[in-house]
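Q: What follows is a single structure, and I will ask about it in a moment.
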Amino acid sequence: MKNYILFASLFFLLARCEKELVFENQSFEKKTSLACKDHCPHISVQIPIAKDVPIVADSINKKIFSVLKEIVYFGEKPYVPTDYKGLVSSFIDSYEKLQKDFPKDSFGWEAEIEGKVKYLSENIINIEIKHYTYTGGAHGYQGLRSLLFDPKTGKTILQHQLFKDRNAFRAFAEKKFRNKYKIPKNESINATGLLFENNTFHLPQNIFYTDKGLLLFYNPYETASYADGTKELLLSYTEVNEYLLIK
């Protein structure tokens, strides 16, 4: 009997050790309950939820949720809900409060969020968040967010942790960026109409790992006007491996 219990315990332990982190896509949607015609205010969220390795999954899920909260929460009071159902409800609630306060005005709020596992290896998990929100004005805002995680711990990997020497990589990237966008090397980085802050090249807020290489992605307003759209630079791993700490 003792041997059986010991065997069962070992089997259970091995089964737990063999569990791998997996992602399950989940969707959350909500529309306004107020009367409306075309383009009724709504929000749609599709997001990967980490599972099966509790501590790691919890860390990843909390970070993803906090980023979505930054994107879609427009309430005046401190944020209270802790799940996606509450988050989508808060977006619609904010719209409906505004509509009731200003019944003669027309508001066409909408939010579309789509997350996916962009890249997965034994050393890094890259989650891409594609988002569009409109809460009034001439146009909405569309962009991409890159979230990087250590698959062993679930902790966020910050951009400076990616590189052996971030300044050396930035200098390399600037040469490639100038070449792609035809900016003379002896002229200002903004010589062709770009809007780099302080007239100095900088790495984007979002860097993606892809199957083809490292993608430097500049959202609208990072380097150019909204009308000029995004800027991006794809660098092959053959080119950048010497700069990377995490491959």
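Q: Consider the candidate values (i) -0.67, -0.78, -1.03, -1.15; (ii) -0.76, -0.88, -1.12, -1.24; (iii) -0.85, -0.94, -1.12, -1.19; state which one is log10 I(q)/I(0) by the Debye sum over Cα atoms at q = 0.12, 0.13, 0.15, 0.16 Å⁻¹ computed from the structure displayed.
A: Structure-derived value, by its label: (iii).
Q: Same structure again: Structure shown: which of K85/K180; K62/K104; K62/K212; K176/K247; K130/K164 lie over 32 Å apart, alpha-carbon to alpha-carbon?
A: K85/K180; K62/K104
Q: Moving on. Anything in the chain that counts as a DSSP H helix reaching 15 Å or more along its axis (C-alpha) with Kyte-Doolittle mean of at least 1.0? List them, would you?
A: Long hydrophobic helices here: 2-17.
Q: Also, I was wondering about something else. Give me, ordered by chain and number, the residues 5 or more places off G140 or on other chains with an amide H under 5 Å from its own placed amide H.
A: Hits under the 5 Å cutoff: none.
Q: Give the distance, in whole Å, between the Cα centre of the stretch 197-215 and the Cα centre of the stretch 86-105.
A: The stretch 197-215 and the stretch 86-105 have Cα centres separated by 36 Å.
Q: Carbon and sulfur: what percent of the chain's accessible surface (1.4 Å probe)?
A: The C+S portion of the solvent-accessible surface of the chain is 52 percent.
Q: Which far-off residues, 5 or more places away or on another chain, put their amide H under 5 Å from the one on I157, with H placed in the peptide plane?
A: L148, F149, D150
Q: Run through the stretch 186-247 and list the GluC sites (Glu not before Pro) located in a DSSP loop whose Cβ has at most 15 other Cβ atoms within 10 Å.
A: E187
Q: Could I ask something else about it? Would you list E112, E70 from the most to the least accessible area, probe 1.4 Å?
A: E70, E112
Q: How far apart, in nm, are the 7 Å Cα→Cβ label points at K185 and A138?
A: Going from the K185 label point to the A138 one covers 3.8 nm.
Q: Related question: Which distance in nm do the two modelled labels at N241 and Q161 give, with both placed 7 Å along the Cα-to-Cβ direction?
A: 2.4
Q: Please list, ordered by chain and number, the residues whose modelled amide H lies under 5 Å from the amide H of F163; skip anything fewer than 5 residues away on the same chain.
A: Distant-sequence amide H within range of F163: L245.
Q: What is the sum of charges around H160, taking Lys and Arg as +1, Asp and Glu as -1, for the other residues whose C-beta is under 13 Å from the C-beta of H160?
A: Computed value for this residue: +2.
Q: Near N241, within a Cβ-to-Cβ distance under 13 Å, what is the net charge of the other residues, with Lys and Arg +1 and Asp and Glu -1?
A: That works out to 0.
Q: Fully extended, how many nm does the chain gain between E232 and N25 (0.36 nm per residue separation, minus their Cα-Cα distance)?
A: Extra length from E232 to N25 when fully extended: 71.8 nm.
Q: Per residue, how much accessible surface does the stretch 168-247 expose to a 1.4 Å probe? Answer in Å², no decimals.
A: 54
The values are calculated or read from the model by the stated rules, or taken from the named source; none is laboratory data. In this text the structure is predicted, and so the values were computed from the model without any measurement. No Cβ is skipped: glycine too gets one built from the backbone with ideal geometry, and neighbour counts run over all protein chains shown. The protein model used for the area step is the full one, side chains on, heavy atoms only, and it has no ligands, DNA or RNA in it. Shrake-Rupley method; radii C 1.70, N 1.55, O 1.52, S 1.80 Å.
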